[in-house]
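Q: One structure is given below, represented as structure tokens, and several questions about it will come after.
The values are calculated or read from the model by the stated rules, or taken from the named source; none is laboratory data. If you're wondering where the values come from, they're calculated on a predicted model, not measured in any experiment. Virtual Cβ from ideal backbone geometry, glycine too; neighbours counted across all protein chains shown.
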Amino acid sequence: MAAEAEQFQLSRSRFMSSVHSHRRCLALVDRHIAECQGRIARLEEIAAHRNGAGFNADECENLISVMLSVLDSYFIHRRQIIAMIDRQEKGPS
């Protein structure tokens, strides 16, 4: 009986550690999303300024396109992390 209790505690500890680890990953991807959104906003300002001043803003617009793709990837990763957390919190079916 003591071995079963010890095994349960070990399993619970691993479970909590894993959930905690995924929550840290979620916080990190949330930070990356916020930073990426800020960079995109700044690039949009720069592109608008360049266009308004009569300069070519193609490079800025290309970079914005790339950054939007990166942002999409971050959102996909975020959904994956949330799904893992949900599965772990529900436990085995």
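Q: On the given criteria, is Val70 at pLDDT 95 or above, in contact with a His (Cβ under 8 Å, 6 or more places away or on another chain) and of a type outside the set (S, T, N, Q)?
A: No; evaluated as a whole, the condition is false for this residue.
Q: Which of the following residues is on the phi < 0 side of the Ramachandran plot and loosely packed, with under 13 Cβ neighbours inside 10 Å: Ile46, Ile64, Ile76?
A: Just a single option satisfies the conditions, and that option is Ile76.
The rows are residues; the columns are (1) over 30 Å from Ser18 (Cα atoms); (2) touching a residue at least 12 places away in the same chain (Cβ under 8 Å); (3) surrounded by 11 or more Cβ atoms within 10 Å (Cβ to Cβ).
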| residue | (1), (2), (3) |
| --- | --- |
| Glu35 | no, no, yes |
| Arg39 | yes, yes, yes |
| Ala53 | yes, no, no |
| Arg87 | no, no, yes |
